[in-house]
Structures are given as C-alpha cells and as structure tokens.
Amino acid sequence: MDGTRTSLDIEEYSDTEVQKNQVLTLEEWQDKWVNGKTAFHQEQGHQFADRGHSVVGVEISELGIQEFFTEQNLSYSEEPITEIPGTKVFKSSSGNISLYCCSIFDLPRTNIGKFDMIWDRGALVAINPGDRKCYADTMFSLLGKKFQYLLCVLSYDPTKHPGPPFYVPHAEIERLFGKICNIRCLEKVDAFEERHKSWGIDCLFEKLYLLTEK
C-alpha cells in the first residue's frame, strides 16, 4: 500500500464545538463574489438540467447568478419575487432553470412548492453553525413524498480552520435529519488540494450522503 487513506478509514474529529459561534452575514457572502473570493465555486456545473430535470437554485449573490448564466452561455430573464420585496428570480429562456436571488430561509415564502430531489453542495457547510436547525427545517418544508436528498459535507480538523466551509460531522447530520430521514453515506473521498494549505489544514475529505424518507 502507498499510505493513501481510503474511503473506509476517515476519522471524525472530536472537537465539534470549536466553530459553533462562527457567523458570516449575507453581506459578507455577497462581498466574496464581488472580491472574487469564491474558492467554493465550481466552473463546471452539475448536469441536472441537461438530463431533463427542472432545476431550482438559490443564491444570495446576484453577481453569482449572472456569472452562472454567462459561464453556461444561457440567455435568461429576470422577474421580481413578489412575496419578498427587493429580490428576484432569474429564469433560463428554455424555462428549466430558475435561480432565486434571496436567502434560503426566505424561499418557502415564495410558495415554490415541493421538490422530489435536493442537491446540497456547499450549502449546509456554509450555513452558520447556529442556524443549522433552522436550515434543516427549511429543507424539510420543501421536500415532497419519497424524496431523495443528496448532501455533500466536508471533514477536516476544525481547530485549524474557522470556516466557512464548516466541518459537519456525522453526528450533526443525524441530529438534524435523523428523525425524518434514513441516512446513508455513499462515498468518502480525499478532496485535499494545494490551495487548502492556506486554511492551515493538511487533510480534507468530502463525504456524500443520501437522505431518504423514513
């Protein structure tokens, strides 16, 4: 063996409280887009809409949404969200992609309906730790029957990096979703890159969970 850690031997870190008081405001998230501090952003999109699905996204930064449509070479229109003054929804001309520019916590106010599937990449790990229960409740309010919820979280030593993205241990997922969902870890992969050294860490794993209705 070459010493590479496999998907079966990833440890949970014991100090899960060290990040609990960390807070980023919505304005600070918007500033990240303005200043180009978006290491969490992937230029290559996930191919949900390409497979015939109707996709709804939520992003607080209007700049981030505009960049998405530009990168994907998609034309779009803008409409105000009447239920939330001062916010907008951006819709692709094809009609199968709608991106809401608002706080995730406000999304249920739009009477958006229920979803069959949720893909959570970069969301739970970005939510302030003190807001996670509210976030989980928001997600539950948006789920239809027989849902499938894919959840991607990160595992690293939280004493070495304050976040975001924040460390979310398995026990936290059980606390937030376990009463309503069956929880299964599908994969655990080494996601450490050279840029992560600037966080002060030397180890980073990405864990993908499937949550289904009990």
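Across region 137-178, the number of residues qualifying as without any contact (Cβ under 8 Å) to a residue 24 or more places away in the chain and either touching a Lys or Arg at 6+ places or on another chain (Cβ under 8 Å) or open to solvent by less than 60 Å² (accessible area, probe 1.4 Å) (or both) comes to 2.
Only strands (runs of 3 or more DSSP E) whose full extent lies in region 105-214 are considered here, and the ones with at least 2 residues that are touching a Cys at 6+ places or on another chain (Cβ under 6 Å) are 205-213. The listed residues are T87, T82, and the only one of them that is closer than 26 Å to E28 by Cα and surrounded by fewer than 17 Cβ atoms within 10 Å (Cβ to Cβ) turns out to be T82. The residue list R121, R51 contains one member that is open to solvent by 20 Å² or more (accessible area, probe 1.4 Å), charged (D, E, K, R), touching a strand residue (DSSP E or B) at 6+ places or on another chain (Cβ under 9 Å) and modelled with pLDDT under 95, which is R121. Within region 58-74, not a single residue is open to solvent by 70 Å² or more (accessible area, probe 1.4 Å), part of a strand (DSSP E or B), touching a strand residue (DSSP E or B) at 6+ places or on another chain (Cβ under 7 Å) and not hydroxyl-bearing (S, T, Y). Here R184 does not qualify as open to solvent by less than 20 Å² (accessible area, probe 1.4 Å) and modelled with pLDDT of 95 or more. Of the residues making up region 119-172, those that are more than 16 Å from the chain's Cα centre (by Cα), among the small types (G, A, S) and closer than 29 Å to H53 by Cα are S141, G144.
The values are calculated or read from the model by the stated rules, or taken from the named source; none is laboratory data. Just so you know, these numbers come straight off a predicted model, no measurement behind them. Note that we place each Cβ from the backbone using ideal geometry, even for glycine, and neighbour counts take in every protein chain shown. Just the protein is used for accessible areas: all its heavy atoms, side chains included, with ligands, DNA and RNA removed. Shrake-Rupley method; radii C 1.70, N 1.55, O 1.52, S 1.80 Å.
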